[in-house]
Structure formats: structure tokens, C-alpha cells
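A.B. asks: Below is a structure I'd like to ask you about.
Taken together, the values in this text are just the output of simple stated rules run on the coordinates, not laboratory data. In this text, all values refer to a predicted model and were calculated from it rather than measured experimentally. Here the Cβ positions follow ideal geometry from the backbone for every residue, glycine too, while neighbour counts run over all protein chains shown.
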């Protein structure tokens, strides 16, 4: 099961997912980001070894590396060099891992599995998981302040601020909190529910994807016009990603998505299908994909631009 | 009980602690930092209100504001203006609050009381406490990237890095992890235990005090010679602070220290008195105070220098 979730497809998963194979640049960039994570995370042998092992366990537990890929492609679509984009890309993946570790905790989503493997607090313990999450967020912001050396100190400063706002109470953490509270409030009127749902996902997923693209752009010294296009692209990609996730929870193959299907329905969670039905959700998915393409076309023609277009198609169709 | 822990002494606490009254500049700076925290933290009414309320609950639960005071005095002892030092000072207090919130969680120290009041997860709930801690760390690093505007982007970047290293796996979080692991290992040889104890406290307390002083210095454009003196001062102040804490756990008045005395002994925790006895611990306290004064005298003669000397005397003698 793990193989089909890993960035580089194995022969086994290739057979099963032949039509939905991720574009080649995804695994190529993912491999470089993995290498960079290997350099930047303290070694497992370094004291406190248990904490560093936990940070590595979560960072190398698979995953599509979408956020790092967006930093790299966003930067390259503004003339940046891949080598300069890898450390910020790894930092953004650390932020993503931090959020997964804390979200999985018993007090929050209480998930025993993550990407088909024991979640961090199940594999280690709760105290280690809390501290490892803290440490990953903290290290990520440190790295954004330090890298790339080729960027101006002003650009790196803006990147720290951009990431922190995407993470903070008006971003991902705020979305997670609203999500927790939303699960506890009673039934809402449909339009209230739709507004709440969109606002939660813009914060929970969209903010970080948007930050990834603009951080990549800033590393490459992008103009404010380009940064604006990257920002809008991030917003529509975020919704695209989430709608597809919600659809997969209903229609997905549990073996491919790495978790029990129907978990959202069981939890009576606010999702796109629960509000708009499967067909309505698929319509919305198409619209967000179209908006994404529109923003990408405002960037300069380049290999990275082609890759971003291909990424949209993949995210729209993915089966895991 | 709360009054004696608040930064500004009330008539009640003044009567009881007349000989150990904190120096006036402490409450003066603490009041300004409180005001700054009030501006910088999102209002309780802002969505997600529960999260913002939790962040404010912890930030205004009393406390001596030692770290912000060190930023202000460290900066002023290098020619900085107080007005420029308050936002970074508030940021450093947010980092301190983050660490207290997560340390108090059931999976870590499992403390129901903090400064004589219910700890955050008892007053709200565990999920909110985890997210509020995350949000405070994150907002703090954002603020260090943004403020003061009078500092160079390079200095603000260095401050983000300095704070993040003090927080990270080689700093506070690493010390907390070693502390958790230390409580689980069997008895150590005395010299091993002493090394472990010092290493834990340098990381748990010293790193953040050291970062506070150097961040203040950097905000003021301090020379590397001054930054070095501030750095050494932070290290000895950290040990001074911790040794006094350990002594208070045994000799302190529970009503003044705001927690049950003897809690460390009950938990068979590694402390200075458990290793060196009360008298041995008091000797070490004196030595760290002397080292602190030495470093302070390397700074420029100023009102801030006098205040730092007064602070050492207060930390050495404090009864809470």
C-alpha cells in the first residue's frame, strides 16, 4: 500500500494506476527535496536522538511533496534556479509535516494512520509528537530566514512573514480551529455552510499552497505582477486539491488513498459532497481547474509553466 | 494569590514581600510589554475567537516578563530606543507562553496549574491549547522578521534565526525532550547527572534568555563584541534562574511560587538540590551571579547597565 503513495511509483503501483501516473517532474523534484530534507534535518544519531528520529519519521513517510513542487515551479516560472529553491522547498514540507503531526493527535483529529503507516504519536508517543511538530515549524521558519543566500535579506524576510501568515490564526491553524468548532456546531443553513466550508479550506489548504508559490517567486526576485498571479493560482489550486480530496473520501479506493474511505461521512463532516453532492462537487472542481490554468497562463512561457499546467490536470484527476 | 505573581505588585503582596520587591523597572517595562501584546495579539472577538481568547488567556496570565525585559535592557545597553524594542520583546514573551502551554499538556508535564490559575488546556481544552501554542510560536517569529522597522533586514533575519535556534532541538525543545527522557532513565553517576542537568537547563532556560539579550542588541545595531558579552550574560542568567527555581521548589512558600512546593522531589526529578544539596546549590547560585555581573560590566555604562545589575540581585534573591 505504501508504494502507491510514495513519490516515485514502483512497478506494482504503475500497473494499477497507469492512466493516473503522476507527471515525471513530480517524482524528480520530490527526490531532490528528499535529498535536501536529508541534509537539513538533524541526523537521527544526534541528541536528542528520539526527537530527531521522530522528525525524520514524519518527513520521510511518503507524500506527494506538492508544496515543495510549487516552490520550485513557482520560482522557476519567474526565472529562478532550482538549486536555490530546494532549501525553502524543504522548509515548506517541514511546515506541512508539522501540521499533519499535530492534526493527527488524539485531542485533534485522532488519526492512527497517516499515509498508510502509524501516525507519529502512535509510532513514538504523544509528547514526542507534540515536540517534533513544534520543532519542524520552528526549523522551517529558521530556514526561510536563511535561504536562499542568493535572495535579498528583504525577500527572505518577506518569505518568513508569508509562511507564518499562511500557518497562523488567519491561515492553517485558524482553519483547523474553525474545523474543530464546525464539527461541534449544529446544522447550518446551506449558504452559511458553504461560506464556512470555503473559508475553512482557503485557510487549511489554500493559504499554504499560495505561500509556497509566492515564496518560490520571491526567491527568484519576481515582480509584484507575477507574485499576484502566483497568489491567485495558489488560491484556486487549494480549493481544487480539497474538493478532489473530499470526492476521493467517497469514491476513492481505500488501498490507494491510504485511509478508510467514508470516514468524513461517518464523522458527519462538512465537505463539498455533503453540501453540493458528488456531481455539484465535480462541477466546482472543473471551475477551480479552469481558474488555475488562467493564472498559469499569466506567467512567462517556460518549461515550469508547462509543468504547472500538467500539475493541474494531475490534481484534478488523481486517485490518491 | 494571583496578585503576588502579577508584574505590578499590589498593596497586598507588597506587605508580604517587602524585602524582595522586584526593582521598579521590571513592572515599568512589563506594563509596556503588556500594552504591546494587547496591540499585537488578535482581539478575542476576531474569528476564530476561541483560539484568540486562548492566546490572550495565556499571554496575560501574569509572569515576570523576564525575557522581554532582557530584550529591552540588552537593546538599551547598546544604545537602542525602548519604543523600537517593545514589539520584539512582546514576540519573545509569546515564545515563552508557547513553551509553557505545550509543557503543561497532559502528555508532557501534565500541570493543571500555571501561575496559580488553571493551565490553558484545563481552562479551554487540549486541542485549543496545542493550536494556541503553535500560533504563538508562529506569530512571534513573524514579528521578529517584521520588527523593528528601524533595524536592517539582515538584523531582523538574524533575530529570527537566533530565536528559532534557542527554541529548536538544540535549544528549548531539545532540553524539554531530554528532560522527559531523563525522567525515564535510571539513576546516573553523579558527574553524568550533573552534566545532563546543566545541559538540560542551558537548553531549556538559558538559550532563550541568551537569545533575548542578543536580539535586543541586534535591534540596536550592537557590535559583535557587545553581542558576545550579551550572549555570555544570557548563559549565566539562565543557570542562575534555574538554580533559584529548584531551591524555591524546596524552600519556597507555595502561596508565593503559585504551585505545590516539593513537586520536584515527589517526581524524583533531576534538580540542583537533588544533586548538590541546598548549600551546594546556593554556592552555585552565587557563582552564576558573579559571572553575570562580570558580563554586564563589559557593556557600556548606562542606566540599562545599572538595571541589569539590579536584575541579577533580584533573580538571585527572589521568593517567587
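A.B. asks: Average partner chain C-beta neighbours within 10 Å, per residue of B:41-49?
C.D. replies: 3
A.B. asks: Place a point 7 Å from the Cα of residue B:228 along the Cα-to-Cβ direction; which residues of the stretch B:273-313 have their backbone N under 19 Å from it?
C.D. replies: Within reach of a label on residue B:228: B:291-301.
A.B. asks: Under 4 °C and 1.567 mPa s, how fast does the stretch B:22-306 diffuse according to Stokes-Einstein, given a Kirkwood radius computed over C-alpha pairs? Answer in µm²/s, whole number.
C.D. replies: 67 µm²/s
A.B. asks: Tell me, how many Å apart are the Cα centres for the stretch A:122-200 and for the stretch B:271-320?
C.D. replies: Cα centres, the stretch A:122-200 to the stretch B:271-320: 39 Å.
A.B. asks: Provide the packing ranking of A:237-243, B:49-55, i.e. peptides ordered by the mean count of other C-beta atoms within 10 Å per residue, highest first.
C.D. replies: Top to bottom by mean Cβ count within 10 Å: A:237-243, B:49-55.
A.B. asks: Let me ask something else about it. Per residue, how much space in cubic angstrom lies within the convex hull of the C-alpha atoms of the stretch A:271-320?
C.D. replies: For the stretch A:271-320, the hull spanned by Cα atoms encloses 74 Å³ per residue.
A.B. asks: Report the label-to-label distance for residue B:110 and residue B:251 in nanometres (one decimal), using points 7 Å from each Cα along the Cα→Cβ vector.
C.D. replies: 3.1 nm
A.B. asks: How large is Rg over Rh for the protein assembly as shown, taking Rg from the Cα atoms and Rh as the Kirkwood inverse mean of 1/r across Cα pairs?
C.D. replies: In the protein assembly as shown, Rg relative to Rh is 0.99.
A.B. asks: Could you work out [θ]222 nm for chain A from helices alone, using -39500 (n - 2.57) per DSSP H run of at least four and dividing by all its residues? Round to the nearest 500 deg cm²/dmol.
C.D. replies: Result for chain A: -22000 deg cm²/dmol, rounded to the nearest 500.
A.B. asks: Arrange the following residues from fewest to most other Cβ atoms within 10 Å of their Cβ: B:45, A:274, B:292.
C.D. replies: B:45, A:274, B:292
A.B. asks: When Rg is the radius of gyration of the Cα atoms in the stretch A:121-233 and Rh is its Kirkwood radius, what does Rg/Rh come to?
C.D. replies: Taking Rg over the Kirkwood Rh, I get 1.07.
A.B. asks: Mind listing the label-point distances from residue A:301 to the same position on all other copies, shortest first, one decimal in nm, points 7 Å along Cα→Cβ?
C.D. replies: Spelled out, the distances from residue A:301's label point are 7.3 nm.
A.B. asks: Relative to the other copies, what are the label-point distances for residue A:125, with labels 7 Å from Cα along the C-beta vector, expressed in nm at one decimal and sorted shortest first?
C.D. replies: So the distances to the same position in the other copies read 2.6 nm.
A.B. asks: For labels at residue A:83 and residue B:283 in the simple 7 Å Cα→Cβ model, what's the distance in nm?
C.D. replies: 5.7 nm
A.B. asks: Along the Cα→Cβ direction, 7 angstrom out, place labels at residue A:125 and residue B:306. What is the inter-label distance in nm?
C.D. replies: 5.1 nm
A.B. asks: Between copies, how close do the residue A:228 label points come, placed 7 Å along Cα→Cβ, listed in nm from shortest?
C.D. replies: Listed shortest first, these distances are 5.0 nm.
A.B. asks: Quick check: residue separation of residue B:28 and residue B:154 times 0.36 nm, minus the Cα distance between them. What number comes out in nm?
C.D. replies: 42.3 nm
A.B. asks: Within 10 Å of each Cβ in B:147-154, how many Cβ atoms from other chains are there, averaged over the peptide? Let's see the in-between values first.
C.D. replies: Numbers: counts 0, 0, 0, 0, 0, 2, 7, 5.
The mean count of partner-chain Cβ atoms within 10 Å per residue comes to 2.
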